[in-house]
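These notes are about the structure you will find just below.
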Amino acid sequence: MSTETDENEVVPADRFECRSCGYIYEPDEGDKKRKIPSGTLFNQLPEDWNCPVCRSDQEQFVNIGPAGTPSGFAENLGYGFGVNAMTPGKKNLLIFGTLLLLFLFLLSFYSSG
Ligand SMILES: [Zn+2]
């Protein structure tokens, strides 16, 4: 009888999601159709392995982190830098400038009529 010990600490393996169809490669499960044994990391897959659903290349896959991590977490970090990058001063200048142009437009409209 062989006794198995849990000396090796299990590191959560990164999962990869296909950007084309949303298929998620689970390293813990592997890919039974292609005879990929469970525990195979994404970067250990054969080069000719592609998405079992839509056959996209491995390049189409993005790292979405280990199981339990919200999908797309890393991408969401990029949000919130658009409009908020504008300083309040610039915003006021933009609003004031727009009102001034509108005022001048109305003034010329009434004076010409
Ligand atoms: Zn796919």
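The values are calculated or read from the model by the stated rules, or taken from the named source; none is laboratory data. These numbers come from a predicted model, not from an experiment. Neighbour counts run over all protein chains shown; Cβ positions are idealised from the backbone, glycine included.
Out of the residues in the stretch 10-25 meeting the condition of being at pLDDT below 95 and loosely packed, with under 14 Cβ neighbours inside 10 Å, tell me which one is farthest from the chain's Cα centre (by Cα).
VAL10
Return only the number of the condition from (1) of a type outside the set (Phe, Trp, Tyr); (2) modelled with pLDDT under 95; (3) within 16 Å of the chain's Cα centre (by Cα) that GLU59 does not satisfy.
Going through (1) of a type outside the set (Phe, Trp, Tyr); (2) modelled with pLDDT under 95; (3) within 16 Å of the chain's Cα centre (by Cα) one by one, GLU59 breaks only (2).
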